[in-house]
1. Can you find even one residue in segment 268-286 that is open to solvent by 30 Å² or more (accessible area, probe 1.4 Å), farther than 25 Å from HIS324 by Cβ and in contact (Cβ under 8 Å) with a residue 40 or more places away in the chain?
2. Quick check on my filter: what residues within segment 240-281 are in a strand (DSSP E or B) and touching a Phe, Trp or Tyr at 6+ places or on another chain (Cβ under 7 Å)?
3. Would you be able to tell me the number of residues in segment 220-239 that are without any contact (Cβ under 8 Å) to a residue 40 or more places away in the chain and not in a helix (DSSP H, G or I)?
4. So which residues in segment 304-341 are over 25 Å from the mean Cα position of the chain (by Cα), open to solvent by 40 Å² or more (accessible area, probe 1.4 Å) and modelled with pLDDT under 85, if there are any at all?
5. Under 6 Å between Cβ atoms, which residue pairs at least 6 apart in sequence (or on different chains) link something in segment 173-194 that is more than 17 Å from GLU292 (Cα to Cα) with a partner that is modelled with pLDDT under 75?
6. Filter segment 264-302 for residues that are farther than 23 Å from ALA334 by Cα and in contact with a Pro (Cβ under 7 Å, 6 or more places away or on another chain) and give the result.
7. Can you run down the residue pairs with Cβ atoms below 8 Å, 6 or more apart or on separate chains, where the first is in segment 321-342 and assigned to a loop (DSSP other than H, G, I, E, B) and the partner is at pLDDT 80 or above and among the polar types (S, T, N, Q)?
8. When you go through GLY86, GLY123 one by one, which is the residue that is surrounded by fewer than 18 Cβ atoms within 10 Å (Cβ to Cβ) and assigned to a loop (DSSP other than H, G, I, E, B)?
Amino acid sequence: MNMRVESGRPFVVWLIVLMLIAYGLLGPVLLRIGAGSTATITEVRRTGGAEPQWFNQYWWVVAYEFRAADGKVHGGHTRVLAHDTGPRGYARVEPVVYLASAPWLNVLRKEAGFHAGTAATLGAALLILWLTRSRKTAGSASARRASKRVGGSRSRASASRGAVTAMTVDQSVRWLLGYRRQSRLYAWLFFAAVIPVVLLVIWLEMGELNDEVLGSLAFFILVFLALALGSRRQTSAAWRAVVVDKQPSEQGAGGTLVLALKHGKQRKLRVSSPLFDYYAPGDAVFKLDGFEWPEKWEPDAGRRACIACGGVIKGETRTTACPHCGAPLPAHEAMQTLAPRA
């Protein structure tokens with residue numbers, strides 16, 4: 001089983017963000033690199049009822065056709081808010097810009113620049129990135145205060161075994177269990193928040209809210225749900241294993257760890273360069289429920305793997321949080337306590 005674990009955000013998040021950015025920038029990009037033609041307006045129709053918040057205006061679909069450089073006729077449409085008399089400013093013939101290699105990507109020239117829809121779509125992409133950013137939890141503050149206290153309040157076992165964390169075992173256990181609960185909650189909240197955004201994009205693209213739009217949304221929900229469940233299944237897996245082999249990547253960045261689990265099972269784990277160098281054949285490793293990355297069973301003197309983002313932390317001085325993602329660094333004994341038995 002292969003797991004790609006080189007990104008801090010799930011693949012489906014990047015996919016949605018890239019789709020929103022591509023949709024928002026389609027017009028401006030075509031205006032600069034697209035081919036031009038002349039489109040004939042073929043249909044103007046009203047969709048849905050009046051929108052009171054827009055002074056009793058209606059949504060109108062303006063459909064058009066044009067002949068591309070390949071000699072074939074292609075179609076497109078735009079959506080506009082106007083009064084019951086219909087949209088104004090559209091002549092019988094309008095200039096259109098399109099991508100020469102894919103004429104189905106097209107837009108009327110007058111709507112190809114930056115406008116409110118562009119800002120809204122890019123804003124939605126930025127909002128998703130902000131919602132899925134790495135966060136410092138309350139455990140970071142408590143661990144920072146704990147790092148100022150020397151003596152019995154700090155894990156003596158961690159100090160003697162070379163761990164770089166300054167968190168106590170009790171603090172670590174509370175943070176690990178809380179992170180596990182919150183990661184599940186955030187995942188489903190994100191799933192629920194994305195659905196209306198996708199519905200809006202499909203609705204604007206199709207021009208009206210009909211069975212085809214609802215069917216497309218249902219298909220997206222099924223695919224997204226399958227990806228989300230697959231991602232959660234990998235994240236929620238907890239196991240112990242031994243590194244039996246390391247396979248460098250052909251691109252020269254990172255590689256694949258071959259792990260031997262119980263009952264003769266194997267797992268292949270793709271990792272970045274720092275983690276690839278961190279692990280060695282023969283290392284016993286474990287992974288906790290709710291986290292993406294494994295850690296060594298025996299702590300490495302002066303180094304730690306962040307089980308939240310996969311970064312490798314080096315240094316002789318103890319720290320409270322991962323410098324890559326801001327997540328607290330739990331005590332090694334606490335992680336061993338929550339790890340599955342061998």
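1. Checking segment 268-286: at least one residue is open to solvent by 30 Å² or more (accessible area, probe 1.4 Å), farther than 25 Å from HIS324 by Cβ and in contact (Cβ under 8 Å) with a residue 40 or more places away in the chain.
2. Correct list: ARG240, VAL243, LYS246, GLY255, LEU257.
3. Final tally of qualifying residues: 0.
4. Passing the criteria: LYS314, GLU316, THR317, ARG318, THR319, ARG341.
5. Listed by first residue and then by second, the contacts come to PHE191/ALA228.
6. The answer is none; no residue qualifies.
7. Short answer, once both residue conditions are applied: PRO330/GLN171; PRO330/SER172; ALA331/THR168; ALA331/GLN171; ALA331/SER172.
8. On the way: GLY123 fails: assigned to a loop (DSSP other than H, G, I, E, B).
Going through GLY86, GLY123 in turn, the sole match is GLY86.
The values are calculated or read from the model by the stated rules, or taken from the named source; none is laboratory data. It should be emphasised that the depicted structure is a prediction, and the values quoted were computed from it without experimental measurement. Ideal geometry is used to build each Cβ from the backbone, glycine not excepted, and the neighbour counts take in all protein chains shown. The protein model used for the area step is the full one, side chains on, heavy atoms only, and it has no ligands, DNA or RNA in it. Shrake-Rupley method; radii C 1.70, N 1.55, O 1.52, S 1.80 Å.
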